Amino acid sequence: HVGSGVIVAGQTGIAGHLTIGDGARIGAKSAVFKDIPAGEEWWGSPAGPKTESLRAQKSLQRVNRLREELTDLRQRLRELEDDRS
């Protein structure tokens, strides 16, 4: 059931048998698997409240940077170990 005044942006998928509350907004390319309360804005895949989804996306960016730093540190450690041999 989709309530009154709901905005669903493009390329959004909504699973069956859900309720999207009146005035809810769903961001583009979202995948909705849970009921959305009235007036809330949800984003992401899987969709969640906008602030939580944005925070999760930002964390993923940090994970990529940390992975690159870890790779660099491992290489530097190997070089130091080779110099000691």
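A short reminder: the numbers here are calculations on the coordinates, not readings from a lab. This is a predicted model, so every value here is computed, not measured. When we count neighbours, we look across all protein chains shown, and the Cβ atoms used for this are built from the backbone with ideal geometry, even at glycine.
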Under a point spin-label approximation (7 Å from Cα along Cα-to-Cβ), what is the A28-E68 distance to one decimal in nm? 2.5 nm
Aspartates and glutamates within cross-link reach of K50: Cα-Cα under 12 Å, excluding same-chain residues under 8 positions apart? E40, E41
Where the only charges are on Cβ atoms (+1 Lys, Arg; -1 Asp, Glu), what is the dipole of the chain about its Cα centre, to the nearest 20 debye? 60 debye
If one builds a Gaussian network model of the chain from Cα atoms under 10 Å apart, the most fluctuating residue listed among R62, R74, R25 is R74
First select every other residue whose beta carbon is under 12 angstrom from the beta carbon of L77; then total the charges, Lys and Arg +1, Asp and Glu -1. -1
Per-residue [θ]222 nm for the chain (sum of -39500 (n - 2.57) over DSSP H runs n ≥ 4, rounded to 500): -15000 deg cm²/dmol
Share, in percent, of DSSP beta bridges within the chain that are antiparallel, nearest 5: 25 percent
Which angle from 0 to 90°, rounded to the nearest 10, does the C-alpha axis of helix 50-84 make with the longest principal axis of the chain? 10 degrees
Quote the FRET efficiency, to the nearest 0.05, computed for I14 versus E41 with a Förster distance R0 of 25 Å and r equal to the Cβ-Cβ distance. 0.95
Whole-Å semi-axes of the ellipsoid equivalent to the chain (Cα gyration tensor, √5λ, descending): 45, 10, 9
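Relative contact order (percent) for the chain, with alpha-carbon contacts under 8 angstrom and 6 or more residues of separation? Write down the numbers at each step before the final one.
Numbers: 140 pairs, mean separation 15.8, N = 85.
19 percent.
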